[in-house]
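I have placed the structure first, in the form of structure tokens, so that the comments after it can refer back to it.
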Amino acid sequence: MIEVEGLTKQYGRTVAVDDLSFRVEPGRVTGFLGPNGAGKSTTMRMMLDLDRPSAGRVLIDGRPYRSFTAPLRHVGALLEARSVHGGRRAHHHLRWLAHTSGVPSARVDEVLELAGLAGVRRKRVKGFSLGMHQRLALAAALLGDPPVLLLDEPVNGLDPEGIVWLRTLLKDLAARGRTVFVSSHLMSEMALTAEHLVVISRGRLLADTTVERFIAENSRSYVRIATPEPSRLREALAAEGIQVTDSGDGALAAAGADPARVGELVAAHGVVVHEIAVRSASLEEAFVRMTGDAS
Amino acid sequence: MSVLVPALRAEWTKARTVRSTWWSLATTAILSVGLAVLLGFQMAGLPPERRADMDLAQLSFLSLLIGQIALVVFGVLLVSAEYTSGTVRASLAAVPRRGVFLAAKTLVAVGVAGVVGVAVAFGTFFATNWALGGHGTTLGEPGVLRAVLGASAYLAMMCVFAMGVATVLRSSALALGILIPLLFLNSQGLASLPAIRSVTQYLPDQAGAGMMRIAPDEVFFLGELDFGPGVAFLIMLAWVVAALVGGYLSLRGRDA
């Protein structure tokens with residue numbers, strides 16, 4: 001479990017992270033969502049004690065990060081993918097990391113295999129693509145088989161196959177009781193991977209909720225009605241208290257209306273319609289609207 | 001100790017798995033020994049009357065002053081390469097205690113530069129005196145062994161000093177931009193101005209010159225010093241400690 005309490009980071013007058021408090025529970029994938037520049041990476045760096053908080057603290061399984069003597073066995077982290085010395089070979093990078101926490105060398109080959117890098121283990125890292133860098137960083141995060149995983153935008157640069165692999169891996173780790181905290185600026189990706197969401201914008205907490213509830217609360221659905229007699233339909237629906245707006249694509253939109261009721265009213269008034277359909281605003285729109293409202 | 005040993009193994013693995021380590025150390029050796037042979041032959045070939053006013057016993061140390069640049073580069077890269085590549089975040093996430101991290105790096109620098117320092121100082125000494133033929137000196141002469149050991153220690157200490165400075169500055173360009181001119185300030189004429197000299201003689205390269213002097217009162221090729229080899233060693237040690245303390249404070253206080 002990760003506990004974040006009143007975490008704040010100021011750079012001069014700029015507040016990058018503003019009094020954040022939340023918990024990341026084990027046994028599920030928690031998505032850390034926010035637009036670019038929301039303070040996600042800064043928060044994650046403070047979780048690893050790389051950046052010093054201006055106020056507040058982070059506890060990992062009840063302990064401050066600095067108190068771990070073999071941290072890689074407790075927390076696996078992926079920050080920026082391209083943070084490996086270019087002249088070093090992939091397996092050497094993992095080997096020195098393994099030494100720091102007393103991880104046996106055999107585990108290096110295991111995670112290279114797991115990340116699909118066994119074939120390039122002796123290659124110097126500077127020749128790696130972004131996707132390979134990301135895989136190496138994931139291998140590094142998994143090295144100590146840690147109960148807590150912190151991954152900052154792990155999907156970046158992965159090919160579709162890699163994304164599916166990662167999604168399955170994270171769900172699988174969570175199912176085995178691990179704490180999995182994954183940041184992303186893509187709501188759609190989080191909807192597929194995470195069960196729980198922590199949403200921030202401009203350093204502030206906007207939501208700490210399940211993905212299901214977040215979607216229910218934030219994606220507004222509407223009934224789209226295509227008709228050659230828009231004014232008659234408007235009148236008919238307005239008489240029943242249903243608000244109608246222009247859907248923007250030449251049809252009418254009745255926000256939050258019951259499609260069955262709309263159909264009954266159409267029949268009762270004898271209005272010609274070509275289509276009645278329920279549409280929901282995409283998650284991405286919901287997310288943009290939500291983070292936009294906060295600013 | 002239980003945290004230092006794993007950190008030390010990691011730092012050693014890091015140091016030996018990048019090519020810059022090997023080329024910088026090889027350059028130190030080739031530059032020092034190569035120059036020693038060239039200078040030795042050059043001096044041996046001079047007419048006897050010109051050779052008479054020279055103190056050829058000191059000749060081997062002159063090559064070390066050039067060779068040390070590559071060793072300084074090694075010390076700087078040990079730390080600054082972590083910052084330029086971003087590896088430092090992985091390093092500090094893996095070894096979160098800044099003191100342990102710096103201690104492990106320092107011990108690797110001391111170990112590597114210690115071995116290289118002894119090898120290069122003695123190698124240069126023997127190469128120079130072999131090339132000089134009968135005009136050189138031997139380790140058996142008074143003060144010579146102490147001076148060569150002083151040169152070995154100086155090389156190792158200079159490397160650790162450079163590493164400490166790089167930890168404060170976090171940039172190869174900045175660290176080398178300050179260190180390399182510093183190494184040549186005195187030899188580039190500043191030393192001839194007595195007012196400046198009374199201050200600059202305490203700079204690391206001059207402390208080093210003091211450590212390599214064969215006789216405490218001899219006029220060294222870099223100029224005069226007001227202190228002997230023992231004090232020179234302490235001055236150099238103070239520089240190393242200051243750089244490491246600065247590095248520690250920077251690691252502890254600033255975001256990685």
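Throughout, read-outs are computed from the coordinates displayed, never taken from laboratory work. Only a predicted model underlies this, so the values are computations on that prediction, with no experimental measurement involved. Cβ atoms come from the backbone with ideal geometry, glycine included; neighbour counts cover every protein chain shown.
Convex hull volume of the Cα atoms in the stretch B:4-253, per residue, in Å³?
121
I'd like the FRET efficiency for B:Asp55 and B:Ile180, computed as 1/(1 + (r/R0)^6) with the beta carbon distance as r and R0 of 22 Å, rounded to 0.05.
Efficiency for this residue pair is about 0.25.
Membrane-span-like helices in chain B: DSSP H runs reaching 20 Å or more (Cα, own axis), mean Kyte hydropathy at least 1.0?
B:19-44, B:59-85, B:98-131, B:144-169, B:229-253
Using the Cα centre of the stretch B:1-153 as the reference point, and only Cβ charges (+1 on K/R, -1 on D/E), how large is the resulting charge dipole? Debye, rounded to the nearest 20.
Dipole about the Cα centre, nearest 20: 760 debye.
Give me the dipole magnitude in Debye, nearest 20, for the protein assembly as shown about the Cα centre, with unit charges on the beta carbon: positive for Lys and Arg, negative for Asp and Glu.
Charge dipole of the protein assembly as shown: 1100 debye, to the nearest 20.
Grab the other residues whose beta carbon is less than 12 angstrom from that of A:Asp18, score K and R as +1, D and E as -1, and report the net.
On the way: positive: A:Lys9, A:Arg202, A:Arg204; negative: A:Asp19.
That sum, taken over residues with Cβ under 12 Å, equals +2.
Using the crude model of +1 on Lys and Arg Cβ and -1 on Asp and Glu Cβ, and no other charge, please compute the dipole size for chain A relative to its Cα centre, in debye to 20.
Details: 36 positive and 34 negative charges, 359 e Å.
Taking the Cα centre of chain A as origin, the dipole is about 1720 debye.
Which of B:Leu46, B:Leu155, B:Leu56 ends up with the largest GNM mean-square fluctuation for chain B, with Cα atoms connected below 10 Å?
Most flexible of the set in this elastic network: B:Leu46.
I want to verify a result. In a Gaussian network model of chain A, Cα cutoff 10 Å, which of these has the top mean-square fluctuation: A:Ala55, A:Ala118, A:Ala255?
In the Gaussian network model the winner is A:Ala255.
When N counts the residues of the protein assembly as shown, how does its alpha-carbon radius of gyration compare numerically with 2.2 N^0.38 Å, as a ratio?
Normalised Rg, Cα atoms only: 1.37.
In sequence order, what are the phi-derived ³J(HN,Hα) couplings for the stretch B:48-53 according to the Karplus relation 6.51 cos²θ - 1.76 cosθ + 1.60 with θ = phi - 60°, rounded to whole Hz, with x for glycine and proline?
Values per residue, Gly and Pro as x: x, 5, 6, 5, 5, 8 Hz.
Other chains' Cβ within 10 Å of B:81-91 residues: what's the mean?
6
What does the charge count around A:Gly116 come to, taking other residues whose C-beta lies under 10 Å from its C-beta (Lys +1, Arg +1, Asp -1, Glu -1)?
On the way: positive: A:Arg135; negative: A:Glu113, A:Glu161.
Here the charged neighbours net out to -1.
Quick one: if you stick a label point 7 Å off each Cα along the C-beta vector at A:Ser231 and A:Ile215, how many nm between them?
Placing both labels 7 Å along Cα→Cβ, they lie 4.2 nm apart.
Put +1 on the Cβ of every Lys and Arg and -1 on every Asp and Glu Cβ in chain B; which of B:Tyr154, B:Ala57, B:Thr128 then has its Cα farthest towards the positive end of the dipole?
Among B:Tyr154, B:Ala57, B:Thr128, the one farthest towards the positive end of the dipole of chain B is B:Tyr154.
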